[in-house]
Structure formats: C-alpha cells, structure tokens
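S.K.: What follows is a structure written as structure tokens; I'll ask about it next.
What follows draws every value from the coordinates through simple rules; no lab data is involved. Quick caveat: nothing in here was measured; it's all calculated off a predicted structure. Methodologically, a virtual Cβ is constructed for each residue, glycine included, from the backbone with ideal geometry; neighbour enumeration extends over all protein chains shown.
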Amino acid sequence: MTTQEQRQGKLRSADEVAASVRSGDRIEFGFALGQPDLFDQALAARRQSLEGVTIRAALSLRPRQVIECDREQRHFINENWHFSGYDRKQAEQGLVSYVPFNFGEGPALYRRHLSVDLVVIKTAPMDAHGHFNFGASNAYTRAICDTAKRIVVETCPAMPVCYGVENTVHVSEIDAVIEGSDAPLPELPAAPMGDTDRQVADYILRELSDGACLQIGIGGMPNAVCSAIAQSGLRDLGIHTEMFVDGMVDLIDAGKVTGRNKQTHPGKVVFTFVVGSRRAYDFLDGNEQCMSLPVDLTNLPAKVAENRNVVSINNCMQIDLSGQVASESSGHRHVSGTGGQLQFVRGAFMSEGGKSFICLSSRHKTRHGKEVSRIVPELAGGTVVTTPRTDVMYVVTEYGIVNLKGKSVSERAHALISIAHPDDRDALHEAA
C-alpha cells in the first residue's frame, strides 16, 4: 500500500476523532504552534459526555475551546508546561495548572515517566515520502509520539517545513489524519525596543567577540541585542538556541551568522521551536541552513557546552541582592515557566569561553502605576527562583553590567546595588 493510500484510509473528521475519547483519558495537545484547532473545538463540543479528561499543552497562542467552553462544569483538567499570556489568565481563574520542568528534560520525562492515551498535533501536510513534519514545534513532540497509545495529526498548509532530527512522524505510525484549515498561524510580533533595552544591549555587545555561539531569548531586550549585533562589526557568529526569534533573521540577513566556528552542526542555525511573525515562519520553511532538533539536543547543559564561546542572553523579572533570579513568577502568581533559562546559563558556563547574561530593567511599573525596583533585598513570598545564585554570571541593567561569579554575598549586594536605579540605591544599601 502506498503512503497516499495509507493516508487516504486514515482520513477522519475532527468529530470522529473526538468521539473516540473516553472519560479519564490523558490527551496531549502539543507545544505552541503545534496545538490542534479543529480537534480542540470538536472535543469541547463533547464535554458533557466526558469526565476527568486531562489535557496537557504548552504556550497556547489561541484561546483553547476545551477551556473556554468548560469554565463552569470542569469536565477537563488542563495542565501546562509553559504559560503564554492566555494561559496565565486562565491559571489565575483556576482553569490551568502549571507543571514545573526544565525544558530540555521534556523528551526523557515522556519516555520514562508519563502515559499518553492520545496525542493530537498540528503538522505540515504529508510529504512525498509519507512524513508529517512538526514544523515550528519540535521540542518534545517525537517523544510524545513514542509514548502515546494513539497518534493523530491535524494538518496545516501554513506550517513551515523545517529540516532536522526527530522532527516528523510517518503515516504508518499514526491512527488518523484530520485535514486542517488553511488559516494562517498565530503570530507573536517582536516586542518594541526602548532606550533601556538599547542600553542593556550596548553593555552586552562589549562582551561579545567574533565566532560566539548565541542563544537569545524572547522580549524587547534580546531583540535589542539582535539589532545591535546586526549593526556591529561582529562576524562568523553561530546560533544554537531553543527559540528562533525574529531578530535572528536580521542577524542572518546581515551576514553576521556563518556558524563556521561551531563544534556541533557547523554552518547550521540550530533551534527547537519558533514563535514569531510570518517573516520568521517563511524564513525557516524549507531552509537548509536551519536545523530543528528535539529539545534535549538543544537545551541540556552538556549539549550546549559542546560548542565553544556560547553566549546565553535571557530576561528576568526580579533579582535579589544575593543573586537569586526570578523569571517565571511574581509571588504566588505564575507568569511563564522555567523553560530553558537555567540549562543555558549552566551550559554557557560549562562552554569553553562561554558567558551568560541575565537582563532586566532597573525598575518596572506596578499595576497601579508605581515604579519599583527589580533589584530587591529579598524575593516576595511564593516567588519561584528560576536560576539559583550559584549559577548566575553577568547581570545587566541600563545602569551597568556586573559579574557575580566568585563574589561573596556582600560583594554581590554591592555589585547589584551599583546597577540599580540611582533613586533606589540608598534604600537597598540600608536593607542589605
């Protein structure tokens, strides 16, 4: 039987797949752009006949109907590996529960510890060889497929086809194919840059050298770093990152990225997922310069450290005077997730010549419009420490850059106060 004949025999509607779900099932919705839409709607429509169905997802970029339609009766239990803005709002209403983990451990978690009754993931349409490409969301998707009792794909013509490793599922492995709509993928535009972002980027730029291998996170500050590098004299950079961001297109188009000095996958731009604009999706589609890897090959510190001169650049929400970094929660309010920050901080330090940077503005505005320091004597009760003080290297604000490695608690406090907002320094000294 040809692959086309197999595909034809497995075509099902979203309603047919949803009808196979039973109470108590554990269902995987996949990661970010890999989450299904038609199946989501069909399963939500069946909620009255189901109880105790657990749905696990991450980084939702559209409202999920299994949440929207189930706010009162709670037929579904929603769990999430990493919050988007939408997920955060649902969690605040008690509709979603966060699952703590280090992103790079995802594949091992599924293969060793988790059971999955059904996975439904959005993929590119089947290719000539019978493969459905995971496109923008490699992450731990192959590991879910290896674990799941049943595999269903919901195809999406807009999904970029990304070359890589463990980035497809074959038609012979799957139980059903839902032909999805040709609606465009959700986009997450690059955050606007301000003067603070540009100043932070300038401090980081002074620490970079030709041939550095970059991991850059999401947000205005990392975006400003990309912009600064694109306009600098740096050359022969490499990219080994978890998230491919729009700013990386600028770096590559500016001729700054060759990857020729990388020890792993030389010449390739390595990533595990992308969320950005259509420009980024189009850039990755069928681009042989880019390589999609499962997240254990991008994020585990030992894998990061296989490259020399790794530079890790990430944001945080708050840091205390001993150097504890909070990047995912504010008190008991969970905002995002651990993600890969800690793993890249550790991997960069393990890398020969590597450096890690934690970026933050010296102040932020509260919901009531009051400006408060992000550098604090101690973290508020309930705040999760994302990166322990023992791991933190460079910390950067618009007022300077300090290296905490090897510094005592007292030295750390002095260093961090020196890059706090000038109006907050006296109070921080007194508190210290």
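S.K.: In the chain, if the dipole is taken from +1 on Lys/Arg beta carbons and -1 on Asp/Glu beta carbons about the Cα centre, which of GLY286, PHE349, SER97 is farthest to the positive end?
M.R.: It is PHE349, whose Cα lies furthest towards the positive end.
S.K.: Let me ask something else. Taking the radius of gyration and the Kirkwood hydrodynamic radius from Cα positions alone, what is the Rg/Rh ratio for segment 280-432, to two decimal places?
M.R.: Ratio of gyration radius to Kirkwood radius for segment 280-432: 1.03.
S.K.: What nm value, rounded to one decimal, do you get for the distance between GLU371 and SER13 when each label is placed 7 Å out toward the C-beta?
M.R.: Once both label points are built, they end up 5.9 nm from each other.
S.K.: Could you count how many Lys pairs in the chain have their Cα atoms under 17 Å apart, skipping same-chain pairs fewer than 8 positions apart?
M.R.: 9
S.K.: Which whole-number value in Å³ per residue fits the convex hull of the alpha carbons of the chain? Can you show the working numbers first?
M.R.: On the way: hull volume 58.6 nm³, N = 432.
Per-residue hull volume (Cα only) is 136 Å³.
S.K.: Projected onto the charge dipole of segment 9-61 (+1 at Lys/Arg Cβ, -1 at Asp/Glu Cβ, origin at the Cα centre), which of PHE29, GLY52, PHE39 gives the Cα projection farthest towards the positive end?
M.R.: GLY52
S.K.: Still on this structure, please answer the following. Starting from the amide H of THR168, placed 1.01 Å from N in the peptide plane, find each other amide H under 5 Å away whose residue is 5 or more places distant or on another chain.
M.R.: Counting only residues 5 or more places away or on other chains, the set is PHE134.
S.K.: Give me, ordered by chain and number, the residues 5 or more places off SER356 or on other chains with an amide H under 5 Å from its own placed amide H.
M.R.: So SER356 has HN proximity to SER312, TYR394.
S.K.: With θ set to phi - 60° and the Karplus curve 6.51 cos²θ - 1.76 cosθ + 1.60, what are the ³J(HN,Hα) couplings of segment 45-61 in order, to the nearest whole Hz, using x for Gly and Pro?
M.R.: So the Karplus estimates, Gly and Pro as x, are 5, 9, 4, 5, 9, 10, 9, x, 7, 8, 10, 10, 8, 7, 6, 5, 10 Hz.
S.K.: Moving on to the next point. Using each residue's phi in segment 320-325, evaluate 6.51 cos²θ - 1.76 cosθ + 1.60 at θ = phi - 60° and report the 3J(HN,Hα) Karplus result to the nearest Hz, with x for Gly and Pro.
M.R.: Using θ = phi - 60°, the values come out as 8, 6, 8, x, 6, 9 Hz.
S.K.: Another question about this same structure. Using Cβ contacts closer than 10 Å as the measure, can you line up ASP87, ASP250 from fewest to most?
M.R.: Ranking ASP87, ASP250 by Cβ neighbours within 10 Å, fewest first, gives ASP250, ASP87.
S.K.: Divide, for segment 77-160, the radius of gyration over alpha carbons by 2.2 N^0.38 Å, where N is the residue count.
M.R.: Dividing the Cα radius of gyration by 2.2 N^0.38 Å gives 1.22.
S.K.: Under 20 °C and 1.002 mPa s, how fast does segment 3-179 diffuse according to Stokes-Einstein, given a Kirkwood radius computed over C-alpha pairs? Answer in µm²/s, whole number.
M.R.: Estimated via Stokes-Einstein, D reaches 133 µm²/s.
S.K.: Which whole number in µm²/s is D for segment 227-360 by Stokes-Einstein, with the Kirkwood Rh taken over Cα pairs at 20 °C and 1.002 mPa s?
M.R.: Translational diffusion coefficient: 136 µm²/s.
S.K.: Would you mind ranking ARG279, ARG206, ARG374 so that the residue whose beta carbon has the fewest other beta carbons within 10 Å leads the list?
M.R.: Values: ARG279 14, ARG206 7, ARG374 18.
The order, fewest Cβ neighbours first, is ARG206, ARG279, ARG374.
S.K.: Of all the Cα-Cα pairs you can form in segment 341-384, what percent are over 17 Å apart? List each step's numbers first, then the result.
M.R.: Details: 527 of 946 pairs.
Here the tail beyond 17 Å accounts for 56 percent of pairs.
S.K.: What distance in nm separates the simple spin-label points at ARG198 and THR54, each placed 7 Å from Cα in the Cβ direction?
M.R.: With each label point 7 Å from Cα toward Cβ, the separation is 5.0 nm.
S.K.: Within 10 Å of each residue's Cβ, count the other Cβ atoms and sort VAL119, VAL177, VAL165, VAL409 from fewest upward.
M.R.: Least crowded to most crowded, the residues run VAL409, VAL165, VAL177, VAL119.
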